[in-house]
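Trainee: Here's a structure for you.
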Amino acid sequence: MKHLFSTLLLLFAFISISFAQPDNNKKVVLLTNGNEYTGTIISDDGREMLFETETVGKIYIKKTDVKSITNYQADDFVILDNEKVKPNPFGTRYAFTTNALPIKKKENYYMINLWGPECHFAVADNFNLGVMTTWIGSPFAIAAKYSFQTKNPKLNFSIGEIAGNGGYIDPFSLISLSFGNVTFGDRDRNITLGIGYGYFDFNQRESVPGTYYNTYSVPRRDKPATTGLLGSFAANFRVNDRVSFIFDSMFGNISTGGTTELYTYDYLLSTYTTIVTPREAKTPIVIIMPAFRVSQGPGRAVQLCLAGISSKNNTIPIPFVTWYRTL
């Protein structure tokens, strides 16, 4: 009986240890071409290994094509259409706007656009700060966003601000965009509705409306800032492990103001007349930004966007490319 009790005690301890330890037999193999496989190493002769994947079965992989081999961690994957895929590190960002999904501390990333870089730092859970500028360092802006989580993980709210100036070229100008968002969904598939108020003062001057019989005596004044309410609708649909469809937009009716000068010449009197009239107080504007985002491996993605700006029956296409990287 004593020996039986000892044997059962050792067996129980062995089973407990076995269940307590993680299964490190399952590996995640990342190749130099960006492909990633999860499975088990069957054999390894130093030059190539036989790897049994969870998706395509057994494959031979040359060791020279392997970038890294790590232990499988369940938290490193999410379920997308009943398949395990890597989490989307850039799921809180569209082409330009952001959504209200919560972020975790140290989920930092940067973006490289054709016109300049952006860096965003998650300084605390649900709160991030960013820096936005051009390649010449002007204008310069700071962005901040705070997310509010609800009991429903697929319903989130956020408030934010983008504030800056013209940089060293025009340090006394002011750029401000205050916004609020509501997002439905998760990082892989979501839609966002947003509303904001823009205030843009570039220290410009304009002529005072009126009729003047001497072109050199037209009085000048400070041009009012461009202001107005702006709305946005955005969506992110992750098609598979590598490709996502992004839709972003901004629209509103802003007060651009300004004046128009008309010059006339009287040949009999040999005099010039200047007529200054105000422009339309409000200008409708719509910006559409559809894009495709393709993962280039862990923490790396490239986005192709064909944006278009429409105002007063004029449409200007603006294609651009953005590179995303985690920090």
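Just so you know, all these numbers are worked out from the coordinates, no wet-lab data involved. Predicted, not measured: the structure shown is a model, and the values here were computed from it. All Cβ positions, even for glycine, are placed from backbone atoms using ideal geometry, and neighbour counts span all protein chains on display.
Trainee: Search the structure for amide H atoms under 5 Å from the amide H of LYS26, placed 1.01 Å from N in the peptide plane, and list their residues when 5 or more places away or on another chain.
Mentor: Distant-sequence amide H within range of LYS26: TYR72.
Trainee: Which value at 222 nm does the chain reach when only helices count, each DSSP H run of 4 or more adding -39,500 (n - 2.57), with the total divided by all residues and rounded to the nearest 500 deg cm²/dmol?
Mentor: Result for the chain: -2000 deg cm²/dmol, rounded to the nearest 500.
Trainee: Using a simple charge model, +1 on the beta-carbon of Lys and Arg, -1 on the beta-carbon of Asp and Glu, nothing else, what dipole does the chain show about its Cα centre, in debye to the nearest 20?
Mentor: 400
Trainee: With contacts defined as alpha carbon pairs under 8 Å and 6 or more residues apart, what's the relative contact order of the chain in percent?
Mentor: Here the relative contact order equals 11 percent.
Trainee: R0 = 41 Å: FRET efficiency of THR326 with LYS58, Cβ-based, nearest 0.05?
Mentor: Details: r = 32 Å, r/R0 = 0.78.
My answer for the efficiency is 0.80.
Trainee: List, in order, the whole-Hz ³J(HN,Hα) value for each residue of segment 285-295 obtained from phi through the Karplus relation with A = 6.51, B = -1.76, C = 1.60 and θ = phi - 60°; use x for Gly and Pro.
Mentor: Whole-Hz 3J(HN,Hα) from phi for segment 285-295: 9, 9, 10, 10, 9, x, 7, 10, 10, 10, 6.
Trainee: Using a cut-off of 15 Å between beta-carbons, work out the net charge of the residues near PRO102 (Lys and Arg +1, Asp and Glu -1, PRO102 not included).
Mentor: Computed value for this residue: +4.
Trainee: Name the lysines eligible as straight-distance cross-link partners of LYS84: C-alpha to C-alpha under 16 Å, and not fewer than 8 places from it in the same chain.
Mentor: The reachable lysines, counting only those whose Cα sits under 16 Å from LYS84, are LYS26, LYS27.
Trainee: Just how large is the dipole of segment 180-302 about the Cα centre, in debye to the nearest 20, putting +1 at every Lys and Arg Cβ and -1 at every Asp and Glu Cβ?
Mentor: 380
Trainee: Next up: Can you compute 3J(HN,Hα) from phi for each residue in segment 233-240, using the Karplus curve 6.51 cos²θ - 1.76 cosθ + 1.60 with θ = phi - 60°, rounded to whole Hz and x for Gly and Pro?
Mentor: 3J(HN,Hα) across segment 233-240, in whole Hz: 9, 9, 8, 10, 10, 7, 6, 8.
Trainee: Which of the chymotrypsin sites (Phe, Trp or Tyr not before Pro) found in segment 242-276 are loop residues per DSSP with 13 or fewer other Cβ atoms within 10 Å of their Cβ?
Mentor: Within segment 242-276, the qualifying chymotrypsin sites (Phe, Trp or Tyr not before Pro) (loop, at most 13 other Cβ atoms within 10 Å) are TYR267.
Trainee: How big is the dipole moment of segment 95-167 about its Cα centre under a simple scheme where the beta carbon of each Lys and Arg is +1, that of each Asp and Glu is -1, and everything else is neutral? Debye, nearest 20, please.
Mentor: Here the size comes out at about 300 debye.
Trainee: Taking the simple approach of a point 7 Å from Cα along Cα-to-Cβ for both THR227 and THR273, what is their distance in nm?
Mentor: Roughly 3.6 nm, to one decimal.
Trainee: Here's something else I'd like to know. Taking LYS104 as the anchor, which lysines have their alpha carbon closer than 19 Å to its alpha carbon, excluding any fewer than eight residues away along the same chain?
Mentor: Counting by Cα, and skipping residues close in sequence, LYS104 has these lysines nearby: LYS86, LYS145, LYS151, LYS154.
Trainee: In nm, what is the difference between 0.36 nm times the number of residues separating THR211 and ASP44 and their Cα-Cα distance?
Mentor: Here the answer is 51.3 nm.
Trainee: Step through the residues of segment 26-39 one at a time and calculate ³J(HN,Hα) from phi using the Karplus curve (6.51 cos²θ - 1.76 cosθ + 1.60, θ = phi - 60°), rounding each to whole Hz and writing x for Gly and Pro.
Mentor: Here the 3J(HN,Hα) series is 7, 10, 10, 9, 9, 8, 5, 8, x, 5, 9, 10, 10, x Hz.
Trainee: Oh, and also: Lys/Arg Cβ at +1, Asp/Glu Cβ at -1, dipole of the chain taken about the Cα centre: which of THR226, SER270, SER158 is farthest positive-ward?
Mentor: Farthest towards the positive end: SER158.
Trainee: Along the charge dipole of the chain, which of ALA95, VAL294, PRO284 sits closest to the positive end, that is, farthest toward it, with unit charges on the beta carbon of Lys, Arg, Asp and Glu (+1, +1, -1, -1)?
Mentor: Looking along the dipole axis, the top candidate is VAL294.
Trainee: Longest segment of the chain with no GluC sites (Glu not before Pro) in a DSSP loop having at most 13 other Cβ atoms within 10 Å?
Mentor: Value returned for the longest uninterrupted segment is 55-279.
Trainee: Moving on to the next point. Just one of (i) 23, 42, 22, 9, 3, 1, 0; (ii) 33, 56, 11, 0; (iii) 29, 56, 14, 0 is P(r) over Cα pairs in 20 Å bins from 0, in percent as worked out from the coordinates here. Which one is it?
Mentor: Here the calculated entry is (i).
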